[in-house]
Each structure stands twice: as C-alpha cells, then as structure tokens.
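J.: For reference, the structure I am asking about is given below.
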Amino acid sequence: MDDIPELLRIEDETFGVERFSTEVVLAFIVRGDAFTVVAHDEELGKLVGSASCLISEESGEGRIASIAVVKDRRQEKIGAALLNESERILRDFRLRKYVLEAETTNTPAIILYKNRGYRVVGLLKDYYGNGRDAYAMEKKLDRATRKLTLR
C-alpha cells in the first residue's frame with residue numbers, strides 16, 4: 001500500500017491520459033485475482049517500474065494488463081524482468097495462456113513479447129485512442145509448461 005503514490009507516478013509518466021486510475025491501481029493490489037510486481041532501485045530508494053496482472057482461473061487466462069518503466073530506465077531490461085516475474089507468478093495458476101495488448105508503434109515491447117513466445121492474434125483499432133491501434137497478443141501454454149504447485 002505504501003507504493004501506491006509511486007505506482008501512480010509511474011503510470012502517469014508511462015501512459016499519460018491512458019493511465020490506470022487510483023482505484024484500478026489499488027484493485028490490482030487488494031483483489032485476490034490480481035497482483036502487481038514492482039522494480040525497486042535500492043540506490044535511489046524508489047520504484048522504477050511495475051507490472052499489473054489479472055488471473056481468470058475460469059477461462060484459464062492470465063492477463064498482463066500493464067508493464068510500465070520510467071522513461072530514463074527503459075534500456076535496462078527492467079520491462080523484461082517484470083515480464084519474467086509476472087509469468088513466474090502466473091505459472092502457479094496452471095493457466096492455458098497469457099494475453100496482453102501492445103500499441104502497434106511500441107516496437108521494443110512487441111519485440112520483447114515475440115521473443116518470449118507471444119504472437120499477434122488480432123488488431124484492436126483505436127484501442128489507445130483515435131488512430132492509436134494495439135495488437136492483441138497471446139502466449140499459449142502446453143501442459144508440460146504449466147507448473148503444478150502444492151499449497
């Protein structure tokens with residue numbers, strides 16, 4: 001809960017008017033079917049990135065709703081680390097696939113996702129506003145990839 005102001009700062013810096021509201025950021029923290037992963041710079045003592053995810057065990061789907069990294073740290077593979085950790089957590093739920101959306105002009109993110117096994121499955125016109133399209137992307141998991149955990 002102490003991270004909420006910094007999470008909002010990162011959302012605002014990364015997404016501007018498309019940022020998640022305070023209520024949505026809070027929901028990713030308190031809901032049982034969602035989680036947020038943060039990247040914390042120990043030297044600076046502040047957050048430099050976050051990833052927020054939703055889990056639908058009914059549909060067998062994990063949604064990576066947001067990966068955000070502060071602008072001056074975007075070439076440091078923080079987004080890749082956040083994706084790795086998000087997928088590590090999602091594996092515990094034995095889902096069939098992971099899904100996400102990426103703006104068609106966000107080449108670094110699209111390359112990252114494709115290199116991690118995501119494929120484009122659709123085009124979402126005006127997803128981020130007038131003239132700003134997104135690719136719907138997914139990563140299907142076979143049974144061998146799904147992790148079984150005992151709780």
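J.: Can you confirm whether E85 is in contact with a strand residue (DSSP E or B) (Cβ under 7 Å, 6 or more places away or on another chain), surrounded by fewer than 18 Cβ atoms within 10 Å (Cβ to Cβ) and closer than 23 Å to A136 by Cα? Outline the logic, then answer.
T.: Details: in contact with a strand residue (DSSP E or B) (Cβ under 7 Å, 6 or more places away or on another chain): yes; surrounded by fewer than 18 Cβ atoms within 10 Å (Cβ to Cβ): yes; closer than 23 Å to A136 by Cα: yes.
Against the criterion (in contact with a strand residue (DSSP E or B) (Cβ under 7 Å, 6 or more places away or on another chain), surrounded by fewer than 18 Cβ atoms within 10 Å (Cβ to Cβ) and closer than 23 Å to A136 by Cα), E85 qualifies.
J.: Given the options L7, L54, L44, name the one that is closer than 18 Å to E101 by Cβ and either within 16 Å of the chain's Cα centre (by Cα) or assigned to a loop (DSSP other than H, G, I, E, B) (or both). Full working, then the answer.
T.: Working: L7 fails: closer than 18 Å to E101 by Cβ; L44 fails: closer than 18 Å to E101 by Cβ.
Among L7, L54, L44, only L54 is closer than 18 Å to E101 by Cβ and either within 16 Å of the chain's Cα centre (by Cα) or assigned to a loop (DSSP other than H, G, I, E, B) (or both).
J.: Which residues, taken from segment 99-122, are surrounded by fewer than 12 Cβ atoms within 10 Å (Cβ to Cβ) and in contact with a strand residue (DSSP E or B) (Cβ under 6 Å, 6 or more places away or on another chain)?
T.: Matches in segment 99-122: G122 only.
J.: Does R94 meet the test of being more than 25 Å from E13 (Cβ to Cβ), surrounded by 15 or more Cβ atoms within 10 Å (Cβ to Cβ) and modelled with pLDDT under 95?
T.: When the stated conditions are applied, R94 passes them.
J.: Which of (1) of a type in the set (G, A, S); (2) over 20 Å from T14 (Cβ atoms); (3) out of contact with any Cys (no Cβ under 9 Å at 6 or more places or on another chain) does G62 not meet, given it meets every other one?
T.: Checking G62 against (1) of a type in the set (G, A, S); (2) over 20 Å from T14 (Cβ atoms); (3) out of contact with any Cys (no Cβ under 9 Å at 6 or more places or on another chain), the one that fails is (3).
J.: Would you be able to tell me the number of residues in segment 42-86 that are touching a residue at least 12 places away in the same chain (Cβ under 8 Å) and under 16 Å from E6 (Cβ atoms)?
T.: Here the count works out to 16.
J.: Among the numbered criteria (1) assigned to a loop (DSSP other than H, G, I, E, B); (2) hydrophobic (A, V, I, L, M, F, W, C); (3) surrounded by 19 or more Cβ atoms within 10 Å (Cβ to Cβ), which single criterion is violated by I67?
T.: I67 satisfies every listed condition except (1).
J.: Among (1) part of a loop (DSSP other than H, G, I, E, B); (2) surrounded by 14 or more Cβ atoms within 10 Å (Cβ to Cβ); (3) in contact with a helix residue (DSSP H, G or I) (Cβ under 8 Å, 6 or more places away or on another chain), where does G129 come up short?
T.: The one condition G129 does not meet is (2).
J.: Taking the condition small (G, A, S), crowded, with 16+ Cβ neighbours inside 10 Å and without any contact (Cβ under 8 Å) to a residue 40 or more places away in the chain, does G32 pass?
T.: When the stated conditions are applied, G32 does not pass them.
The values are calculated or read from the model by the stated rules, or taken from the named source; none is laboratory data. The structure presented is a predicted model; accordingly, all values stated were derived computationally and were not measured. With ideal geometry, Cβ positions are generated from the backbone for all residues, glycine too; neighbour counts draw on all protein chains shown.
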